[in-house]
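This report concerns only the one structure given below.
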Amino acid sequence: MGEVRQGRAKLVGLLGGNLESARRQGIRWNLRHRKKIKKDIIYVTHVGCSVRDFEKIRREILQCIPFAKVEIHKASFTTACNAGVETIGLAFYEN
């Protein structure tokens with residue numbers, strides 16, 4: 001799992017288990033600082049996720065923080081090549 005701060009990417013942890021539990025853990029970890037996160041919108045980028053996966057991801061995000069809008073987009077080709085199949089990325093604004 002990686003994090004980007006001030007234009008620099010760094011590895012912050014590894015998640016184990018099956019894909020669904022790793023996604024849940026990753027979503028919860030990224031949204032753990034509720035008070036710092038604006039609840040207007042969250043952007044989710046994905047590489048090859050199914051519609052069923054989208055709904056699971058959306059539900060998990062909304063359980064953590066009730067965002068007004070959840071936008072899901074395909075990742076760019078370059079990101080897809082570096083991240084791998086069925087990965088997701090979360091982007092949101094902080095207060």
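Points worth noting:
- Close contacts from the stretch 82-95, counting a first residue that is surrounded by 13 or more Cβ atoms within 10 Å (Cβ to Cβ) and a second that is assigned to a loop (DSSP other than H, G, I, E, B) and of a type in the set (Gly, Ala, Ser), with Cβ to Cβ under 7 Å and a gap of 6+ residues or different chains, come to Ala83/Ala75; Glu86/Gly48; Gly89/Ala75.
- Residues in the stretch 32-65 that are acidic (Asp, Glu) and buried (at least 16 other Cβ atoms within 10 Å of the Cβ) were compared, and the one that is farthest from Val4 (Cα to Cα) is Asp53.
- Within this structure, Ala68 fails the test of being small (Gly, Ala, Ser), free of Cβ contacts under 8 Å to residues at least 60 places away in the same chain and surrounded by 12 or more Cβ atoms within 10 Å (Cβ to Cβ).
- Scanning the stretch 55-95 for residues that are in a strand (DSSP E or B) and either under 14 Å from Arg28 (Cα atoms) or at pLDDT below 90 (or both) returns Ile88, Gly89, Leu90, Ala91, Phe92.
- Filter result (at pLDDT below 75 and more than 23 Å from Ile65 (Cα to Cα)) within the stretch 15-36: Gly16
- One residue from Arg24, Arg52 being within 10 Å of the chain's Cα centre (by Cα) and either of a type outside the set (Gly, Ala, Ser) or assigned to a loop (DSSP other than H, G, I, E, B) (or both): Arg24
- Residues located in the stretch 70-87, provided they are farther than 19 Å from Arg5 by Cβ and aliphatic (A, V, I, L, M): Val70, Ile72, Ala75, Ala80, Val85
The values are calculated or read from the model by the stated rules, or taken from the named source; none is laboratory data. All values reported here derive from a predicted model rather than from experimental measurement. Counting neighbours? That spans all protein chains shown, and the Cβs are built from the backbone with ideal geometry, glycine included.
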